[in-house]
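Structure record follows, encoded as structure tokens.
The values are calculated or read from the model by the stated rules, or taken from the named source; none is laboratory data. Predicted, not measured: the structure shown is a model, and the values here were computed from it. Neighbour counts are summed over all protein chains in view; Cβ atoms, including those assigned to glycine, are modelled from backbone coordinates with ideal geometry.
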Amino acid sequence: MKFTTELDKGYLPMIVKLREFAKEAARQGARPLGIMVERNGGYNSVYRMNIYADEGRDAESYPVVERVVKTLLWVAGGYKIYIEGSRYIAKRLAAAYSKGGEREFDADFMAGVYERPFEVVFTEKLPEEKKYSAKIGGNLDGCRIGFDAGGSDRKVSAVVDGVPVYSEEVVWQPKTQSDPEYHYREIKKAFETAASKMPRVDAIGVSSAGVYIDNKIMVASLFIKVPKEEFDRKVKTMYIDIAREFGCPLEVANDGDVTSLAGAMELGDNGILGIAMGTSEAGGYINTQGGLNGWLSELAFVPVDFNPKAAVDEWSGDAGCGVKYFSQDAVIKLAENGGMKFDKGLTPAEKLKKVQALFDGDDGLAQRIFRDIGVYLGYTIPYYREFYDIKHVLLLGRVTSGKGGDIILSTARKVLEEEFPEYASIDIRMPDESNRRVGQSIAAASLPKIG
């Protein structure tokens with residue numbers, strides 16, 4: 001590694017470990033291992049790698065394979081993992097993803113999303129690969145409503161033949177509301193406001209954080225206070241129910257995917273991975289054909305650091321995952337590693353602002369914090385590249401604002417250029433200000449097809 005993190009001494013990038021393991025396996029003799037994750041509709045995603053040829057060394061191969069399996073699971077999503085090439089690894093993974101196992105959280109999450117029991121199986125030969133790609137957005141005909149459901153404000157746009165005729169931002173508090181009627185009322189009010197600015201409504205597009213299957217809300221932090229029974233009864237089909245009142249087509253997409261769509265519309269190109277660094281790490285991807293793969297892209301849970309003593313995500317209980325490297329948590333972690341003390345009672349967002357304020361005095365610690373995040377990113381993009389075909393990386397979120405964002409950007413570019421020249425052509429950028437403000441809701445408006 002040419003670049004090291006000053007405030008995170010144990011950092012071992014996944015791409016570095018993966019490549020070191022591949023070289024060692026080749027030197028010792030290697031055999032192929034196939035990994036497949038299956039999701040709704042029978043669609044699946046495959047990753048192939050080499051492990052030690054000697055089956056007696058499968059226990060040594062397992063730690064790297066386990067990280068790759070978890071990555072594929074949270075990138076693509078699914079309820080069934082197939083392993084070809086090692087019964088030992090399949091059996092050990094099955095134990096990890098069972099009740100009481102290390103990956104019980106992951107298994108329960110995926111089972112809830114896909115409404116199917118989670119399982120890991122060994123197979124002599126992986127099933128036939130079945131890919132999915134659906135053209136997303138870019139539909140500009142007619143009178144459209146675009147809605148962006150943020151955690152602190154909701155944005156809505158009225159778009160007529162591709163031209164925004166009205167946009168508004170309204171503060172709301174969805175994460176503190178347990179009554180689903182609050183959410184229903186606020187969302188419908190936004191739709192009605194946009195509708196009042198057009199002669200009719202031909203289609204509605206929604207961008208929101210969370211997991212959506214067939215326009216149903218499967219997992220979404222906006223409704224975190226709603227009891228599960230109420231969620232299943234009143235929330236899961238909420239967007240579908242409201243759109244039905246307007247009598248028009250609806251398309252709901254993860255906000256990360258819509259962010260990437262907005263970037264594609266701005267750049268006039270595809271192959272875009274969007275990474276939002278805020279409260280957590282969110283992701284979205286527009287493939288090189290300009291479509292969606294039907295993947296989750298829940299990058300917060302994707303391993304990026306192989307160090308077993310890395311920071312642990314409180315939700316999943318796992319170490320080295322993206323949320324602790326590309327969010328306000330990363331800034332706080334590095335600040336505390338650098339000796340910074342925060343007043344008790346400060347929220348994570350307030351701690352982030354305190355660190356960012358250090359730039360006003362050109363504080364050396366702030367420079368080091370955001371440089372380290374840039375190093376993280378420079379080594380993580382090539383790892384993401386193992387799973388995504390990336391031409392552009394679009395950075396968003398409050399962590400990337402101001403001078404800190406500039407340092408992250410320049411450092412990541414330098415790491416790619418010097419360590420991964422084969423990926424130096426990947427364009428890393430931040431969107432312009434107008435796209436950050438209302439571009440999301442306008443892109444959302446282009447999601448559904450009419451007729």
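Of the numbered criteria (1) of a type outside the set (S, T, N, Q); (2) under 19 Å from residue 386 (Cα atoms); (3) surrounded by 13 or more Cβ atoms within 10 Å (Cβ to Cβ), the one residue 32 fails is (3). Applying the set (1) surrounded by fewer than 19 Cβ atoms within 10 Å (Cβ to Cβ); (2) in a helix (DSSP H, G or I); (3) touching a Ser or Thr at 6+ places or on another chain (Cβ under 9 Å) to residue 26 leaves exactly one unmet item: (3).
Checking 394, 416, 377 one by one, the residue that is within 24 Å of residue 262 (Cβ to Cβ), touching a Ser or Thr at 6+ places or on another chain (Cβ under 8 Å), of a type outside the set (Val, Ile, Thr) and part of a helix (DSSP H, G or I) is 377 and no other. Among the residues of the stretch 347-380, those identified as more than 28 Å from residue 420 (Cα to Cα), of a type in the set (A, V, I, L, M, F, W, C) and in contact with a helix residue (DSSP H, G or I) (Cβ under 7 Å, 6 or more places away or on another chain) are 349, 352, 355, 358, 359. Taken over the stretch 310-326, the residue count meeting the criterion of being within 20 Å of residue 101 (Cα to Cα) and either acidic (Asp, Glu) or assigned to a loop (DSSP other than H, G, I, E, B) (or both) is 9. Residues in the stretch 262-280 that are more than 19 Å from residue 220 (Cβ to Cβ) and not in a loop (DSSP other than H, G, I, E, B): 262, 263, 264, 265, 266, 267, 272, 273, 275, 277. Restricting attention to the stretch 217-226, the residues that are at pLDDT 90 or above and touching a strand residue (DSSP E or B) at 6+ places or on another chain (Cβ under 8 Å) total 3.
Matching residues to (1) part of a loop (DSSP other than H, G, I, E, B); (2) touching a residue at least 40 places away in the same chain (Cβ under 8 Å); (3) surrounded by fewer than 19 Cβ atoms within 10 Å (Cβ to Cβ); (4) not β-branched (Val, Ile, Thr):
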| residue | (1), (2), (3), (4) |
| --- | --- |
| 212 | no, yes, no, yes |
| 217 | no, no, no, no |
| 225 | yes, yes, yes, yes |
| 229 | no, no, yes, yes |
| 239 | no, yes, no, yes |
| 242 | no, yes, no, no |
| 248 | yes, yes, no, yes |
| 258 | no, yes, no, no |
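Just one of (1) among the hydroxyl-bearing types (Ser, Thr, Tyr); (2) more than 26 Å from residue 55 (Cβ to Cβ); (3) without any contact (Cβ under 8 Å) to a residue 40 or more places away in the chain fails for residue 114. It is (3).
Residues satisfying the criterion are present in the stretch 251-263 (criterion: modelled with pLDDT of 90 or more and more than 13 Å from the chain's Cα centre (by Cα)). Checked against the criterion of being modelled with pLDDT of 90 or more, under 23 Å from the mean Cα position of the chain (by Cα) and part of a helix (DSSP H, G or I), the candidates 406, 389 yield just one match: 406. Going residue by residue through the stretch 262-270, is there one that turns out to be touching a Phe, Trp or Tyr at 6+ places or on another chain (Cβ under 7 Å) and in the same structural domain as residue 373 (by TED's automatic domain parsing)? Within the stretch 262-270, not a single residue is touching a Phe, Trp or Tyr at 6+ places or on another chain (Cβ under 7 Å) and in the same structural domain as residue 373 (by TED's automatic domain parsing).
Please verify whether residue 155 is surrounded by fewer than 19 Cβ atoms within 10 Å (Cβ to Cβ) and not aliphatic (A, V, I, L, M), treating the condition exactly as stated. It is false that residue 155 is surrounded by fewer than 19 Cβ atoms within 10 Å (Cβ to Cβ) and not aliphatic (A, V, I, L, M). Report whether or not residue 175 is buried (at least 16 other Cβ atoms within 10 Å of the Cβ), of a type in the set (Lys, Arg) and within 30 Å of residue 398 (Cβ to Cβ). Considered against the rule, which asks whether it is buried (at least 16 other Cβ atoms within 10 Å of the Cβ), of a type in the set (Lys, Arg) and within 30 Å of residue 398 (Cβ to Cβ), residue 175 comes out as no. Look through the stretch 409-424, keep the residues that are of a type in the set (D, E, K, R) and more than 22 Å from the chain's Cα centre (by Cα), and return whichever of them is surrounded by the most Cβ atoms within 10 Å (Cβ to Cβ). Restricting to residues being of a type in the set (D, E, K, R) and more than 22 Å from the chain's Cα centre (by Cα), the top hit is 419.
Residues checked against (1) touching a residue at least 40 places away in the same chain (Cβ under 8 Å); (2) of a type outside the set (S, T, N, Q):
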| position | (1), (2) |
| --- | --- |
| 133 | yes, no |
| 144 | yes, yes |
| 153 | no, yes |
| 161 | no, yes |
| 168 | no, yes |
| 178 | yes, no |
| 191 | yes, yes |
| 196 | no, no |
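Among the residues of the stretch 142-191, just one is under 25 Å from residue 284 (Cβ atoms), in contact with an Asp or Glu (Cβ under 9 Å, 6 or more places away or on another chain), of a type in the set (D, E, K, R) and at pLDDT 95 or above, namely 144.
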